[in-house]
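Worksheet: the structure to be examined is printed underneath.
The values are calculated or read from the model by the stated rules, or taken from the named source; none is laboratory data. Keep in mind that what you see is a predicted model, and the values were worked out from it rather than measured. Neighbour counts are summed over all protein chains in view; Cβ atoms, including those assigned to glycine, are modelled from backbone coordinates with ideal geometry.
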Amino acid sequence: MKELIHYIVDSCGHKNNVGKTVLYKILYFSDFDYFELNEKSITNETYKKYPNGPVPVHFEEFKEELVSEMKINEKVKEVFPGSKHNQFNYSSIKPLKIKYLHKDELKIVKNVIDKLSDMSANEISDYSHFDMPWRAATDYDNLKYELVFYRNEPYSVRDN
């Protein structure tokens, strides 16, 4: 999971729109798209249904480790002065060395980044709300990977 977070930050963290929400959704679609094609996830992460879309349960823990290892940087700023909402932006500090991710996994992640990383937080949240695993879950419950087999266009990544 740490290597995947670092890979995504290294690949698209330089984009102004790629904050925590976009990062969450890229992680989600990477894992769930890979599961649809291979019947296993890349990270075995648990994702929960939140109002703004899927959220990886252990993200904060892994992100903090990456920050403390000085592999990535996290900048936090108020959306506007006095706001209760913060904007999170990430950048890669150390060059990424791929050790655990396989070529077939990286291919899926790159496809997800290419497809979704230009979306705003609102756009990618709205987009995630129509994916079957999120739609079928109850608020704050775990999303079921197996529900990718009931996806419709444009979410399905299978060719059949």
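In the stretch 68-90, the residue that is farthest from residue 29 (Cα to Cα) out of those that are touching a helix residue (DSSP H, G or I) at 6+ places or on another chain (Cβ under 7 Å) and touching a residue at least 24 places away in the same chain (Cβ under 8 Å) is 71. Does residue 158 count as basic (Lys, Arg), surrounded by 15 or more Cβ atoms within 10 Å (Cβ to Cβ) and touching a residue at least 24 places away in the same chain (Cβ under 8 Å)? So residue 158 does not fit the description; no.
Within the stretch 103-135, the residues that satisfy the criterion of being surrounded by fewer than 19 Cβ atoms within 10 Å (Cβ to Cβ), assigned to a helix (DSSP H, G or I) and not hydrophobic (A, V, I, L, M, F, W, C) are 103, 104, 107, 110, 111, 114, 115, 122, 123, 126, 127, 135.
Does residue 30 satisfy the condition of being among the polar types (S, T, N, Q), buried (at least 16 other Cβ atoms within 10 Å of the Cβ) and closer than 22 Å to residue 145 by Cα? Yes: the conditions hold for residue 30.
Okay, residues lined up against (1) surrounded by fewer than 24 Cβ atoms within 10 Å (Cβ to Cβ); (2) aromatic (Phe, Trp, Tyr); (3) within 13 Å of the chain's Cα centre (by Cα):
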| residue | (1), (2), (3) |
| --- | --- |
| 6 | no, no, yes |
| 14 | yes, no, no |
| 37 | yes, no, no |
| 48 | yes, no, yes |
| 52 | yes, no, yes |
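Please tell me if residue 75 is at pLDDT below 95 and surrounded by fewer than 18 Cβ atoms within 10 Å (Cβ to Cβ). Spelling it out, residue 75 is indeed at pLDDT below 95 and surrounded by fewer than 18 Cβ atoms within 10 Å (Cβ to Cβ).
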